[in-house]
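Right, one structure below, let's go through it.
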Amino acid sequence: MELSPESLQRIEKLIPRYPTKRSAVLPLLHIIQEEIGYISKTSMEWVAKKLDLNPMQVYEVVTFYPMLKEEPVGRVQVKVCRTLSCALRGGYKVCETLQKELACPLNGKSEDGAFSIEFVECLASCGTAPVVMVDDVLHEEVTPDKAGDFAKELKSSSKQKA
Amino acid sequence: MAVKETRILLKNVDQPGYTNDIECYMKHGGYKVLQAALKRKPEDLCKEIETSGIRGRGGAGFPAGMKWKFLDRKSGKPIYLICNADESEPGTFKDRQLLYKDPHQLLEGMMIAAYATQTALSFIYIRGEMYEGARILERAIEEARAKGFLGDNIGGSGYSCDMIVHRGAGAYICGEETGLIESLEGKRAYPRIKPPYFPAVLGLYQCPTIVNNVETLCHVKHAIEMGGDAFAKIGTPGNTGTRIWSVSGHVQRPGYYEFPCAGATLGELIYDVCGGLAPGRILKAVIPGGSSSKVLKAGERYKGTFKDGTPFDWSLEDIPLDFDSFVLAGTMSGSGAVIVMDDTTDMVEATANINAFYAHESCGQCTPCREGSLWLSRVTKRMCSGDARKEDADLLKDIADQIDGRTICAHGEATAWPVQALATKFKDEFIAKAAEPKEAALSDRQGESAFRLI
């Protein structure tokens, strides 16, 4: 596993801030996932060694938290809120439209690897439902009638990136 | 509008020109309360909080002063303070406003709490999806550190306390305080059994620990500023201070609104403040305190007597917005998350939506919750796929009753309570589902907000 010097520096600064090394598991996994996109077995072993843990102690954390991915996801990660307040305002419709427009199956990747779509639980923005997260940015009031245009914008901005 | 908000916590939030940096906060009088507090004895500050009667705003409503009092100071172990910013109860979005738009208010409240309890190290456990929130807090901490309000020798008082922002990773159970502690220790967020693991005695790293919600810690600043007695005069005895209500679902103006406890009723909140329902729609049900609270059905009456013997007879609209009134109405105010549902809502689908949440979020430690939550979810999903049976309402109620009270943490109750109320109060709808032709169950419903919920 190759990490950038910036990430390594962040990791070195972070570990001694905690009273125990083990507390740094989640922060380290976040840093790795943000750079590499997912957490491989090799990454888990690397974290375990870094924090004097058994690899199993890292693996059990990775498999517990929904945000941590063991497989690569799409280049753009789309998370649609599934929970009640968003559903009452059309969250399921929004999710269907995004799947269709981005040619991406639910909880899977589009064929070109550009997108992945996931239904996630409450994103704590129920007053501006339905909400959709695209990578680390929250988009509010993505109503069913706006979902088509929203998908088109995602497609054009992802093309610019690629 | 008949009722007016009283904004204390949200005073500066959303005001034109108000930004979330330290300069702006200090221009508005920020950190003066901390500076004054540092000149007082820590135990005096704890006393003020006890007098203020502040109850936890995270869901349980436990008095903060009492939580602090339970701290085991004889052990000689370091004391830790954790701000629970893992806002995840469906319907709740008040902490997000406080974190994103006025982070220094929280930091000031936390440093006062830290000094009052003589905390050695403090943490903000923020939910993983709030990337921007974590960045805002990191920046705020560095700003506060540069001005000497946090870190070494705070305000020249000789007291030192650092603060760490710790990000979660998408697990609802981390909002449960002992689950949060396990998560902060770098483990799966399996809640701990109490006793013996009361955080105030055996918390983080087996040391005495305080875990308080974001809104609670923001209140600490104001309670110290105005004094415990003055704070206790806001609201009603036992229900002091203001509360922020997050309103979502089928209202015209969803949003966050701050009132003194019992300063408005649920009806005023829905109709006056939030503009009521869409034209032509009729109120069907309200979930008053996040999806784990028991649903209130339009048209119900809540009758009983107060502690002093005076009787009450309320409609749903009459319930005062505080802590105790919702308990009297057979539910709870939880995290103050009001989810409104109009007559287009299919209650079986709403139940299925809620069940899917609790099944997904069960940590899997206790059998009744792990198996029961999935079972509930399977039944309601089947019902929504055109295979409902008329005995399903009874089955659901039975499963929920078997979970309730039989688990390590309150996730069991959070799973059981909504089902117990929904499958009983809307039993006729659950039974009618069985008579519905399969095609009808699967087809798209007409009407703008008549969305399928599962």
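The values are calculated or read from the model by the stated rules, or taken from the named source; none is laboratory data. This structure is a prediction, so every number in the text was calculated from the model and none was measured. No Cβ is skipped: glycine too gets one built from the backbone with ideal geometry, and neighbour counts run over all protein chains shown. Quick note on the areas: whole protein, heavy atoms, side chains included, nothing else; ligands and nucleic acids left out. Shrake-Rupley method; radii C 1.70, N 1.55, O 1.52, S 1.80 Å.
The figures follow:
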{"item": "Set B:Glu439, B:Glu413: member being at pLDDT below 95 and not assigned by TED's automatic domain parsing to the domain that holds B:Ile282", "result": "B:Glu439"}
{"item": "Unmet criterion (only one of (1) of a type outside the set (Asp, Glu); (2) touching a helix residue (DSSP H, G or I) at 6+ places or on another chain (Cβ under 6 Å); (3) on the phi > 0 side of the Ramachandran plot) for B:Gly405", "result": "(2)"}
{"item": "Selection from segment A:136-146 of residues that are within 13 Å of A:Lys79 (Cα to Cα) and open to solvent by less than 50 Å² (accessible area, probe 1.4 Å)", "result": "A:Leu138, A:Val142"}
{"item": "Any hit, segment B:65-83, residues being over 26 Å from A:Tyr18 (Cβ atoms), open to solvent by less than 60 Å² (accessible area, probe 1.4 Å) and not β-branched (Val, Ile, Thr)", "result": "yes"}
{"item": "Out of B:Ala352, B:Ala393, B:Ala421, B:Ala410, sole residue that is touching a residue at least 60 places away in the same chain (Cβ under 8 Å) and surrounded by 23 or more Cβ atoms within 10 Å (Cβ to Cβ)", "result": "B:Ala352"}
{"item": "Verdict on A:Ala151 being within 11 Å of chain B (Cβ to nearest Cβ), at pLDDT 95 or above and part of a helix (DSSP H, G or I)", "result": "no"}
{"item": "Any chance B:Leu71 is aliphatic (A, V, I, L, M) and either modelled with pLDDT under 95 or within 17 Å of B:Gly336 (Cα to Cα) (or both)", "result": "no"}
{"item": "Members of segment B:242-256 that are touching a Cys at 6+ places or on another chain (Cβ under 9 Å) and more than 10 Å from every other protein chain (Cβ to nearest Cβ)", "result": "B:Thr242, B:Arg243, B:Gln252"}
{"item": "Extreme residue, surrounded by the fewest Cβ atoms within 10 Å (Cβ to Cβ), among residues of segment B:242-264 that are among the aliphatic types (A, V, I, L, M) and over 14 Å from the mean Cα position of the chain (by Cα)", "result": "B:Ala262"}
{"item": "Flag for B:Ile319 being out of contact with any Ser or Thr (no Cβ under 6 Å at 6 or more places or on another chain), touching a residue at least 12 places away in the same chain (Cβ under 8 Å) and either outside the structural domain of B:Glu50 (by TED's automatic domain parsing) or crowded, with 17+ Cβ neighbours inside 10 Å (or both)", "result": "no"}
{"item": "Of all residues in segment B:274-316 being basic (Lys, Arg) and either farther than 26 Å from B:Ala400 by Cα or in contact (Cβ under 8 Å) with a residue 24 or more places away in the chain (or both), the one that is most open to solvent (accessible area, probe 1.4 Å)", "result": "B:Lys307"}
{"item": "Segment A:104-135, subset in a loop (DSSP other than H, G, I, E, B), open to solvent by less than 40 Å² (accessible area, probe 1.4 Å) and within 14 Å of chain B (Cβ to nearest Cβ), residue nearest to A:Leu68 (Cα to Cα)", "result": "A:Glu121"}
{"item": "Complete set of residues in segment B:151-206 that are hydroxyl-bearing (Ser, Thr, Tyr) and within 10 Å of chain A (Cβ to nearest Cβ)", "result": "B:Tyr172, B:Ser183, B:Tyr190, B:Tyr205"}
{"item": "Some residue of segment B:228-241 being open to solvent by less than 20 Å² (accessible area, probe 1.4 Å), assigned to a strand (DSSP E or B), within 18 Å of B:Phe70 (Cβ to Cβ) and touching a residue at least 60 places away in the same chain (Cβ under 8 Å)", "result": "no"}
{"item": "Positions within segment B:139-157 being in contact with a helix residue (DSSP H, G or I) (Cβ under 7 Å, 6 or more places away or on another chain) and at pLDDT below 95, in sequence order", "result": "B:Gly155"}
{"item": "Check on B:Gly148, open to solvent by less than 10 Å² (accessible area, probe 1.4 Å) and either within 13 Å of chain A (Cβ to nearest Cβ) or more than 29 Å from A:Leu138 (Cα to Cα) (or both)", "result": "no"}
{"item": "Subset of segment B:87-98 [within 17 Å of B:His222 (Cβ to Cβ) and out of contact with any Cys (no Cβ under 6 Å at 6 or more places or on another chain)]", "result": "B:Lys94, B:Asp95, B:Gln97"}
{"item": "Counted residues, segment A:93-111 - those being of a type in the set (Lys, Arg) and either free of Cβ contacts under 8 Å to residues at least 24 places away in the same chain or over 12 Å from A:Val73 (Cα atoms) (or both)", "result": "2"}
{"item": "Matching entry among A:Ile39, A:Ile32 (being within 19 Å of the chain's Cα centre (by Cα), buried (at least 24 other Cβ atoms within 10 Å of the Cβ) and under 20 Å from A:Ile11 (Cα atoms))", "result": "A:Ile39"}
{"item": "Selection count, segment B:155-186, where residues are assigned to a loop (DSSP other than H, G, I, E, B) and either within 20 Å of the chain's Cα centre (by Cα) or of a type in the set (Gly, Ala, Ser) (or both)", "result": "9"}
{"item": "Candidate set from segment A:83-103 (those that are open to solvent by 20 Å² or more (accessible area, probe 1.4 Å) and not basic (Lys, Arg)); member that is nearest to the other protein chains (Cβ to nearest Cβ)", "result": "A:Tyr92"}
{"item": "Filter pass, B:Ala337 being touching a residue at least 60 places away in the same chain (Cβ under 8 Å) and open to solvent by 20 Å² or more (accessible area, probe 1.4 Å)", "result": "no"}
{"item": "Members of segment B:49-64 that are open to solvent by 10 Å² or more (accessible area, probe 1.4 Å) and among the charged types (D, E, K, R)", "result": "B:Glu50, B:Arg55"}
{"item": "Segment B:63-110, residues that are away from chain A (no Cβ under 14 Å), more than 30 Å from B:Val340 (Cα to Cα) and outside any helix (DSSP H, G or I)", "result": "B:Phe70, B:Leu71, B:Asp72, B:Arg73, B:Lys74, B:Ser75, B:Gly76"}
{"item": "Among the residues listed as A:Glu6, A:Glu60, A:Glu2, the single one being free of Cβ contacts under 8 Å to residues at least 12 places away in the same chain and within 11 Å of chain B (Cβ to nearest Cβ)", "result": "A:Glu60"}
{"item": "Some residue of segment B:13-22 being farther than 30 Å from B:Leu71 by Cα and open to solvent by less than 30 Å² (accessible area, probe 1.4 Å)", "result": "yes"}
